[in-house]
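The values are calculated or read from the model by the stated rules, or taken from the named source; none is laboratory data. Because the structure is a prediction, the values reported are computed rather than measured. When we count neighbours, we look across all protein chains shown, and the Cβ atoms used for this are built from the backbone with ideal geometry, even at glycine.
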């Protein structure tokens, strides 16, 4: 990938991220963009917890879904968009941490359907702890006026 193309992809991902109010309301930050991968980080917030004080499963799913979707954007044409059409989340451990890392990576690129895998980690002073995994299926969308690139 040329340096100019890589810069254009990064700018597109950053713009898409900025257009997502749900991510902003969660306090998410875009921390890594690579070919076929994106990472987001989320600070702990009591507003995003469930009854035990752990990060809510819905917040974990949203972080993983966004990381996987943005990872797909790194591989598609500039005139296309993606929509998640299916995902499965495995909640593996309570979401306890100071920050949370959501890693989305493309498993199978395609011209119509893309498959991505995501991993969510709780970050503390110690080693990162895997708290959830996701497999996501995304559809590439072209030519729809109601969907922004």
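Here the condition is being under 13 Å from the mean Cα position of the chain (by Cα), part of a strand (DSSP E or B), more than 30 Å from residue 125 (Cβ to Cβ) and at pLDDT 95 or above; of 31, 84, it holds for 84 alone.
For segment 131-149, residues that are surrounded by fewer than 13 Cβ atoms within 10 Å (Cβ to Cβ) and either closer than 26 Å to residue 49 by Cα or at pLDDT 95 or above (or both) total 0.
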